[in-house]
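> The structure's right below; bear with me while I get my questions together.
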Amino acid sequence: MVYDPDLDILMVDGYRHRWKRSEFVIESRELDPVVLPTGRVVACDPLSTRDDEPFPVTVTPGVYPLFAWVATQFKRGKQVDRHNALLELRISAAPALTWEMAFLADESAADLREEGAYTGHTVDAGCATLADVEALKALWRWDISEVDAVYVPRPLPAEPALGYLSAVTDEETGANVSILTSGRGNGVYPTFVLRGEHGEVTGFVNDFMLFPNA
């Protein structure tokens, strides 16, 4: 069986998860909405790549809310840490009844043969996004000094999610790229496509795999 997190519980405000002698409280934080001029969504670390492809699953172009699901860790009743657990691009307010791992055009579930296997995007700069392919192409045309000035400020501002920054990268369409810290940092993280009662896409979720046993 491939890796299949229980998003029904992980995406519930106030959910408490006990793991390895710690208690984690998960809460959502609304971020800047995402402008999708093409409806072609990419999950990636935009600061360490310039060639990630969009998923073949597309949505209607528009402006959609973005949420970080932040997990606060407690030990013996005292807060000891916080991490971003999930990044959700919400396409519809309809409840998600099912979800499946998001694959690129040249990937499929048949490629995953081991227990708990998954595919995902590589993070090498400690951050992640869900954005329109055209917004990312525009960002990847910036020179390094412009990228550093916008997305690597010192110190980082206090925001609702850890490491969160957002900017319009394509002035013509208003398309933007919002980044935040990817869980505990670098790695490979899966994305899931959420679907409603009639199979319609209700969202995309990056899972930073804080709770692989959930």
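The values are calculated or read from the model by the stated rules, or taken from the named source; none is laboratory data. The structure displayed is predicted, hence computed values, not measured ones. Cβ placement follows ideal geometry from the backbone for every residue including glycine, while neighbour counts extend to all protein chains displayed. All accessible areas refer to the heavy atoms of the entire protein, side chains included, with ligands and DNA or RNA removed. Shrake-Rupley method; radii C 1.70, N 1.55, O 1.52, S 1.80 Å.
> Once you put a point 7 Å from the Cα of Val57 and another 7 Å from the Cα of Ala93, both along the Cβ direction, what distance in nm separates them?
So the two model labels end up 2.2 nm from each other.
> Right, here's the next one. Does the stretch 71-127 come out rounded, prolate or oblate, given a ≥ b ≥ c as the square roots of the eigenvalues of its C-alpha gyration tensor, rounded meaning a/c under 1.5 and, failing that, prolate meaning a/b above b/c?
Prolate shape, in that a/c is at least 1.5 and a/b is the bigger ratio.
> Taking a 1.4 Å probe, which of Asp106, Asp124, Asp32 shows the most accessible area, and what order do the others take after it?
Per-residue accessible area, sorted high to low, gives Asp106, Asp124, Asp32.
> First check a/c for the stretch 94-177, with a ≥ b ≥ c the square roots of the eigenvalues of its C-alpha gyration tensor; if it is under 1.5, answer rounded, and if not, answer prolate when a/b is larger than b/c or oblate otherwise. Write out the running numbers ahead of the final one.
On the way: a/c = 1.95, a/b = 1.81, b/c = 1.08.
Judged from the Cα gyration tensor, the stretch 94-177 comes out prolate (a/c at least 1.5, a/b above b/c).
> Report the gain in length on full extension from Asp6 to Arg21: 0.36 nm times residue separation, minus Cα-Cα distance, nm rounded to one decimal.
3.4 nm
> Here's a follow-up. Give me the accessible area per residue for the chain, probe 1.4 Å, as a whole number in Å².
It amounts to 49 Å² per residue over the chain.
> When the accessible area of the chain is split by element with a 1.4 Å probe, what percent falls to carbon and sulfur?
49
> Distance between Cα centroids, the stretch 30-88 to the stretch 145-214: provide it in whole Å.
A separation of 3 Å, based on Cα centres.
> What is the list of residues in the stretch 112-127 whose amide nitrogen lies under 14 Å from a point 7 angstrom out from the Cα of Glu100, following Cα to Cβ?
Within reach of a label on Glu100, which here means backbone N under 14 Å from a point 7 Å along Cα→Cβ, the stretch 112-127 contributes 112.
> Could you tell me which trypsin sites (Lys or Arg not before Pro) in the stretch 96-190 are loop residues by DSSP with no more than 15 other beta carbons within 10 angstrom of their beta carbon?
For trypsin sites (Lys or Arg not before Pro) across the stretch 96-190 that sit outside H, G, I, E and B with at most 15 neighbouring Cβ atoms in 10 Å, the list reads Arg113, Arg141, Arg184.
> What length, rounded to one decimal in nm, is gained on full extension from Glu30 through to Arg154, with 0.36 nm per residue of separation minus their alpha-carbon distance?
42.3 nm
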